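Let me begin by presenting the structure, written as structure tokens, before commenting on it.
The values are calculated or read from the model by the stated rules, or taken from the named source; none is laboratory data. Owing to the predicted nature of the structure, the values given are computational and were not obtained by experimental measurement. Cβ sites come from the backbone with ideal geometry, for glycine too, and all protein chains shown count toward neighbours. Ligands, DNA and RNA are excluded from the accessible area calculation, which covers all protein heavy atoms including side chains. Shrake-Rupley method; radii C 1.70, N 1.55, O 1.52, S 1.80 Å.
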Amino acid sequence: MLAFVLRRLGQSAFVIVAMAALVFLSVYAIGNPIDILLAPDADQQERAAAIARLGLDRPLWQQFLTFLVNLAQGDLGKSFVFGSDAVSLILARLPATLELALVALVLAIVAGIPLGILAGLRSDGWIGRGVMTGSIVGFSLPNFWLGIMMILLFAVELKWLPAGGRGATGTFLGLQFSLLDPAGWPNLLMPALTLAIYKVSLVIRLAYAGTREAMLQDYVRFARAKGLSPARIIGVHVLKNILIPIVTVLGLELGSMIAFAVVTETVFAWPGVGKLLIDSIARLDRPVIVAYLIIVVGMFTLINLAVDILYSILDPRVRLADGGH
Amino acid sequence: MTAALQVSNLETHFFTRAGVVKAVDGVSFSIARGEVLGLVGESGSGKTLTALSILGLVDPPGKIVAGSIRLGDEELTGLSERSWRAIRGKRIAMIFQDPMMTLNPVLRIETQMIEAVLAHAVMSKDNARQRCREALARVGIPSPDERLTAYPHQFSGGMRQRVAIAIALLHSPDVLIADEPTTALDVTIQAQIVAEVQKLAAATGTAILWVTHDLAVVSGLSDRLAVMYAGRIVEEGPTTEVLARPAHPYTQGLLRSLPVNNQRGRRLNQIPGSTPSLLRLPPGCPFAPRCEARQEDCVSTRPPESQHGTERRLRCFHPLGEVSP
Ligand SMILES: Nc1ncnc2c1ncn2[C@@H]1O[C@H](COP(=O)(O)OP(=O)(O)O)[C@@H](O)[C@H]1O
Ligand code: SF4
Ligand SMILES: [Mg+2]
């Protein structure tokens, strides 16, 4: 197990370096950030000073080497735009995105699994049909549209919830979390819901399909023949089997929620990393882009690792090995 | 003496879009304490559904529409789900065809056994585990202590079926239904399992309904034989009598299709044709299209059940030879 974890982390370190190099070079190829950073009327002297300050006057291979050496020391450089440390810039924004994704994930699990199982057990009845129709709707609604409609309804019309912004936060390890301050929950609710609708629908479908399949299996029949209660059969025998695909998919979804929360963040003026990334790309702020991607890939790696470990716990037939399952 | 199990005129039908499938269409038999009744018939003749009906495990669109199932002095049809659950696994137990499928792949043997004990007995988990250990030892599983914590995939097919048998016999049931439990196993294991079940059931006086499509399996095992065709029992009697002097052309056909040791290599005499659709049975004898002894009356009228002596029953207008009592 430990060897497995270490090997996996080693592999990801390699992936991260390779990816960082690729991004570094491609951002360089796109254009010169100086053109964007400086006012159009800046004179030649100002221009030369800025180029020297950002280290853009040196040849590409030197810039890259410096970047690699710094990377090895855990230093991802300073933002061209803000002049501050790229990693701190991201870490200041990351909790906002993380807690959005986590709340959405929890919603997907606590709403999606029971609804999916219920629909699977009553697939011929109106409950099953209703839930499955709902999940199709949840699947097909575009995120931004859903967000805007919710704002119109709950913020503008009913005035129950704030239309956007982060709201109150509590501090933990120097980072800001809305979850830690109940006054911040109303702000968190709508963006998290918006982000969650699609995941809930996804989990419903997985749980539905899994339950229908499991209920036809001989092991369920045997469990019934043993005289077990439906609660035990569904809560233990069926649930443990359907969790296997759900865990896998949710792991992937959690990663993508963190990486691509930008739509929801924009609609709700939620100060997360998604917004920061888009701005940084627009300004060719290379250190921030690279640092962001490294952090995201690192997080993907950890999530995948957690999924694989969970997977091997849920399914005894799976042994931890390289290359996943 | 009352029989351990008495089934009379049982009808289990499936209400499908295509029409009513009469999977069990007026089945009657009884089994005494400690007796083994072999239920034989080609695949699709309704054997499994007869078994599931006795456990109250027929799922919609299937339904027991008529008849009676008596366990000792108690009538089971019309019982509430709760009362039926109290009987399953305690007074009537069942083992299934494919031991690869009957144990839940993601739960430890221990979990699956202890839950079966606790479903019908109030005791501590430790005592329950002790009981499981003894049960595994009884069915010939070496080092039961270690095996308890293993998962099903760590067992061979034969060992899994032994575990299933151990679970089925945990509460010394009045009736054990074995639905082709050896079909998926190789011949030597088959013989061991048959002998094992026979020995264990004899020790507790458990009545056995042994379901199979293979006459050879039950010939050395059952006291009496019931031959099923298209949802009905067409011939019943003491095993030795029926095998020596089959009276129903279908029984004879089954016997003829058995491979004979000293005629290895000879083509087997399969009964020509196939089982009729239970959706639209012909008005006469359902076996008529395949029957060599068929006469005109067979096609128009369904043969009623006739009693021959005290022990043999038959559904045929033109039995082969004299039906001996
Ligand atoms: N869910 C179902 N819907 C409709 N018909 C069914 C269903 N399950 C079983 N049957 C019918 O019941 C018949 C008897 O099935 P079964 O008892 O499993 O036969 P056996 O065990 O003798 O092979 C089958 O031929 C099939 O047509
Ligand atoms: S009733 Fe007629 S068709 Fe049916 S088995 Fe007997 S002889 Fe054959
Ligand atoms: Mg069957």
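Just one of the listed residues (B:121, B:93, B:178) is within 12 Å of another protein chain (Cβ to nearest Cβ), under 15 Å from residue A:223 (Cβ atoms) and either in contact (Cβ under 8 Å) with a residue 40 or more places away in the chain or in a helix (DSSP H, G or I) (or both), namely B:93.
A quick yes/no check of all residues on (1) in the same structural domain as residue B:226 (by TED's automatic domain parsing); (2) more than 16 Å from ligand 1 (Cβ to nearest atom); (3) closer than 19 Å to residue B:95 by Cα:
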position: B:40; (1), (2), (3): yes, no, yes
position: B:43; (1), (2), (3): yes, no, yes
position: B:48; (1), (2), (3): yes, no, yes
position: B:53; (1), (2), (3): yes, no, yes
position: B:56; (1), (2), (3): yes, no, yes
position: B:60; (1), (2), (3): yes, no, no
position: B:67; (1), (2), (3): yes, no, no
position: B:72; (1), (2), (3): yes, yes, no
position: B:79; (1), (2), (3): yes, yes, no
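Residues in region B:96-115 that are within 16 Å of ligand 3 (Cβ to nearest atom) and in a loop (DSSP other than H, G, I, E, B): B:96, B:97, B:98.
Any residue at all in region A:259-267 that is at pLDDT 85 or above, within 14 Å of chain B (Cβ to nearest Cβ) and open to solvent by 40 Å² or more (accessible area, probe 1.4 Å)? Checking region A:259-267: not a single residue is at pLDDT 85 or above, within 14 Å of chain B (Cβ to nearest Cβ) and open to solvent by 40 Å² or more (accessible area, probe 1.4 Å).
For region B:96-106, the count of residues that are more than 18 Å from the chain's Cα centre (by Cα), more than 8 Å from every other protein chain (Cβ to nearest Cβ) and open to solvent by less than 60 Å² (accessible area, probe 1.4 Å) is zero. I'd like to check something: does region B:225-237 contain any residue that is more than 16 Å from ligand 3 (Cβ to nearest atom), away from every other protein chain (no Cβ under 14 Å), part of a loop (DSSP other than H, G, I, E, B) and not aromatic (Phe, Trp, Tyr)? Checking region B:225-237: not a single residue is more than 16 Å from ligand 3 (Cβ to nearest atom), away from every other protein chain (no Cβ under 14 Å), part of a loop (DSSP other than H, G, I, E, B) and not aromatic (Phe, Trp, Tyr).
For the subset of region B:50-70 comprising residues that are without any contact (Cβ under 8 Å) to a residue 60 or more places away in the chain and under 12 Å from the mean Cα position of the chain (by Cα), which member is nearest to ligand 3 (Cβ to nearest atom)? Top of the filtered list is B:52.
Only a single item in (1) within 19 Å of the chain's Cα centre (by Cα); (2) open to solvent by 60 Å² or more (accessible area, probe 1.4 Å) is not met by residue B:73, and it is number (1). Residue A:226 meets all of the listed conditions (1) more than 10 Å from chain B (Cβ to nearest Cβ); (2) in contact with a strand residue (DSSP E or B) (Cβ under 8 Å, 6 or more places away or on another chain); (3) among the charged types (D, E, K, R) but one, namely (1). For residue A:296, the conditions (1) open to solvent by 20 Å² or more (accessible area, probe 1.4 Å); (2) out of contact with any Lys or Arg (no Cβ under 8 Å at 6 or more places or on another chain); (3) at pLDDT below 85 are fulfilled apart from (1). Filtered by the rule that a residue be within 30 Å of residue A:185 (Cβ to Cβ), open to solvent by 50 Å² or more (accessible area, probe 1.4 Å) and aliphatic (A, V, I, L, M), region A:57-96 gives A:91, A:92. One residue stands out in region B:76-90 among those that are within 9 Å of chain A (Cβ to nearest Cβ) and assigned to a loop (DSSP other than H, G, I, E, B): the one that is nearest to residue A:218 (Cα to Cα), namely B:89.
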